[in-house]
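Participant: Let me give you the structure first, and then I'll get to my questions.
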Amino acid sequence: MQILHIDCSPRQDGQSRRISAEIVARICTLIPEATIVKRDISALSPPDASYAALLARPADASDEGTEGSTELSDILIHEVEAASVMVLGAPVHNFTVPAALKSWLDHVVRLNRTFALGANGKQGLVADRPVLIGVAAGGFILGEEAQQPDFFTPYLRAVLGCIGLFNVHFIPVQGTAFHDSKACQSALDQALLALDPVLLTTISPIGTGTSSGPDARARMAHLSRSHI
């Protein structure tokens, strides 16, 4: 089993990085034989002009310059295709995803590579797999305490669904701008406890041997107690 672990926060000590790291640790507790591919996209540049031309006219992409501009896109797409599970850590910036994550999506969501156009619109070409998104929000965008519109989660569901990824789960820690480190840790612990049933039903079946069943639940319960 392979985990693709993506972080996009420009802050190396950002809350979303802590959330994603804890999610990966929980998956590895559940499935010890899992391997991890780490991708930090915080400094990822937007696609260049040649790549933008490819997106606009994919059938005309035959010159060497355009082919060269797809090299990074090919690498990032292959990482997604090779992963059994994706874990993404992302802060909420100005109502939606950070610019670096938007750049990653622009590289990965590619006509005739990860999605096709058909009579009924866009059709994803990537096989579905679990996607766990750790969200750090300075304010509140979800639940009864929401103070602003939520453009973050519906956008990611739509754009990931466009390429075939529908098994998407959000693990939010909100109000980080108003909490001290102790309160943020408490909010993270509660979010992880709520995540445990999702991992047991979504991730555990991917494992083999002793990675699932009662042993997996026992390891998860031990990890949960260590966070209380």
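Participant: For a quick check: with amide H placed at 1.01 Å from N, whose amide H comes under 5 Å from V37's, ignoring anything fewer than 5 positions away on the same chain?
Facilitator: I3, L4, H5
Participant: Can I ask one more? Only residues of segment 76-108 count here: report those whose backbone N is under 18 Å from the spot 7 Å along Cα→Cβ of T35, or say none.
Facilitator: Of the residues in segment 76-108, 76-87 have backbone N under 18 Å from the label point off T35.
Participant: Length gain on complete extension for the stretch Q12 to A25, per 0.36 nm per residue less the alpha carbon to alpha carbon distance?
Facilitator: 2.9 nm
Participant: By how many nm would the segment from E145 to E71 grow when fully extended, if each residue of separation counts as 0.36 nm and the alpha-carbon distance is taken off?
Facilitator: In short, 22.3 nm is gained.
Participant: Heavy atoms of the protein only, probe of 1.4 Å, neighbouring chains included. What is the accessible area of K38 in Å², nearest 10?
Facilitator: So the heavy atoms of K38 present about 110 Å² to solvent.
Participant: For N94, put the label point 7 Å out on the Cα→Cβ axis and report which residues of segment 144-172 keep their amide N under 18 Å from it.
Facilitator: Counting only backbone N, you get 148-153, 155-156.
Participant: With a/c under 1.5 counting as rounded, go ahead and sort segment 104-201 into rounded, prolate or oblate using the C-alpha gyration tensor (a ≥ b ≥ c being the square roots of the eigenvalues; past the cut-off, prolate if a/b is larger than b/c, else oblate).
Facilitator: prolate
Participant: Here is a follow-up. Please compute the length gained on full extension between D196 and D48, using 0.36 nm multiplied by the number of residues separating them and subtracting their Cα-Cα distance.
Facilitator: Result: 49.2 nm gained on full extension.
Participant: Also, I was wondering about something else. Counting Lys and Arg as +1 and Asp and Glu as -1, what is the net charge of the other residues whose Cβ lies under 14 Å from the Cβ of A116?
Facilitator: Local charge sum for A116: +3.
The values are calculated or read from the model by the stated rules, or taken from the named source; none is laboratory data. As the structure is a computational prediction, the values presented were derived from the model and not from experiment. Because the Cβ atoms are built from the backbone with ideal geometry, glycine has one as well, and the counts that use them run over all protein chains shown. Quick note on the areas: whole protein, heavy atoms, side chains included, nothing else; ligands and nucleic acids left out. Shrake-Rupley method; radii C 1.70, N 1.55, O 1.52, S 1.80 Å.
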